[in-house]
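Undergrad: The structure's right below; bear with me while I get my questions together.
The values are calculated or read from the model by the stated rules, or taken from the named source; none is laboratory data. All of these numbers come straight from a predicted model, not from anything done at the bench. Positions of Cβ are generated from backbone atoms using ideal geometry, with glycine treated the same way; all protein chains shown enter the neighbour counts. Accessible surface is based on the protein model in full, side chains and every heavy atom, while ligands, DNA and RNA are left aside. Shrake-Rupley method; radii C 1.70, N 1.55, O 1.52, S 1.80 Å.
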Amino acid sequence: LWRPGREGPHIFQDESGNWRGDLPKREDYDIGPPSIGWVTWHVMFWWSMVLNHSFGDQTLQLKDITSPDGVDALRSRILELGNEWVEAVQTLDGKEMMATTKTRWPFQNKPFSAVVGWVNMELMKNTAELGYIRFLHSQRRSHF
């Protein structure tokens, strides 16, 4: 959990009881590793943003992204985002994949296929991070 004054990739519960994350202002090693909560929030952040900005009304912002409370709700939300992404991308033909019209977040003026590649890379990276964090957590528990 995030604690006031602690910088880094962690989640916190706001005054309304919603779980939120934030993007670290820097990525130095001394801010520490991300928490499982933050990595899962981060998946929901970037996937929600790219869906909204590529296929929606382009109004979603970082402050709008919260993480569900509980593992089952979290798993459901990530699966829902994945299904929305697959359904949206499957509607595009080759010409649309090479066009820049849907490329609005996280970058612009590139073929939409670059966004698709970025989503795949980000998902693989976050999945690997989750696996490694779980590994470290289980090792820590077994040694104490």
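Undergrad: From Gly32, Gly82, Gly117, which residue is out of contact with any helix residue (DSSP H, G or I) (no Cβ under 8 Å at 6 or more places or on another chain) and within 29 Å of Phe12 (Cβ to Cβ)?
TA: Matching residue, one of Gly32, Gly82, Gly117: Gly32.
Undergrad: Considering each of Lys63, Lys110, Lys102 in turn, give the residue that is more than 22 Å from Pro34 (Cβ to Cβ), basic (Lys, Arg) and open to solvent by 80 Å² or more (accessible area, probe 1.4 Å).
TA: On the way: Lys63 fails: more than 22 Å from Pro34 (Cβ to Cβ); Lys102 fails: open to solvent by 80 Å² or more (accessible area, probe 1.4 Å).
Testing whether each residue is more than 22 Å from Pro34 (Cβ to Cβ), basic (Lys, Arg) and open to solvent by 80 Å² or more (accessible area, probe 1.4 Å) leaves just Lys110.
Undergrad: Also, I was wondering about something else. What are the residues in region 53-110 that are over 26 Å from Arg20 (Cα atoms) and in contact with a Pro (Cβ under 6 Å, 6 or more places away or on another chain), if any?
TA: Across region 53-110, the qualifying residue is only Met98.
Undergrad: Also, quick follow-up: For region 39-59, name all the residues that are under 15 Å from Glu80 (Cβ atoms) and not in a helix (DSSP H, G or I).
TA: Correct list: Gly56 only.
Undergrad: From Arg134, Arg104, grab the single residue that is out of contact with any Phe, Trp or Tyr (no Cβ under 7 Å at 6 or more places or on another chain), touching a residue at least 60 places away in the same chain (Cβ under 8 Å) and of a type in the set (Lys, Arg). It would help to see each step written out before you state the result.
TA: Working: Arg104 fails: touching a residue at least 60 places away in the same chain (Cβ under 8 Å).
Checking each option against the conditions leaves just Arg134.
Undergrad: Please list, ordered by first then second residue, the pairs with beta carbon atoms under 6 Å, 6 or more apart or interchain, first in region 79-96 and in contact (Cβ under 8 Å) with a residue 24 or more places away in the chain and more than 18 Å from Pro68 (Cα to Cα), second open to solvent by less than 80 Å² (accessible area, probe 1.4 Å) and among the aliphatic types (A, V, I, L, M).
TA: Hits for this filter: zero, empty list.
Undergrad: Has region 95-113 got at least one residue that is touching a Gly at 6+ places or on another chain (Cβ under 9 Å) and not in a helix (DSSP H, G or I)?
TA: no
Undergrad: Follow-up question, since we're still on this one. Are there any pairs with C-beta distances below 7 angstrom linking a residue in region 22-47 that is within 16 Å of Met124 (Cβ to Cβ) to a residue that is in a loop (DSSP other than H, G, I, E, B), with the two at least 6 apart or on different chains, and if so which?
TA: From residues that are within 16 Å of Met124 (Cβ to Cβ), the pairs are Pro34/Pro9.
Undergrad: While we're looking at this one, here's another question. Which of the residues that make up region 6-34 are in a loop (DSSP other than H, G, I, E, B) and closer than 20 Å to Asp64 by Cα?
TA: The first filter runs over region 6-34 and keeps only residues in a loop (DSSP other than H, G, I, E, B), leaving 6-10, 14-18, 22-28, 32-34.
Within region 6-34, Gly8, Pro9, His10, Asp14, Glu15, Ser16, Gly17, Asn18, Asp22, Leu23, Pro24, Lys25 qualify.
Undergrad: Return yes or no: is Leu79 under 21 Å from Met124 (Cα atoms) and surrounded by 12 or more Cβ atoms within 10 Å (Cβ to Cβ)? Write out each step before concluding.
TA: Details: under 21 Å from Met124 (Cα atoms): yes; surrounded by 12 or more Cβ atoms within 10 Å (Cβ to Cβ): no.
Answer is no for this residue.
Undergrad: Continuing with the same structure: Restricting to region 49-60, name every residue that is closer than 24 Å to Leu130 by Cα and either crowded, with 20+ Cβ neighbours inside 10 Å or over 12 Å from the mean Cα position of the chain (by Cα) (or both). Break it down into steps so the answer makes sense when it comes.
TA: Applying the first criterion (closer than 24 Å to Leu130 by Cα) to region 49-60 yields 49-51.
The answer is Met49, Val50.
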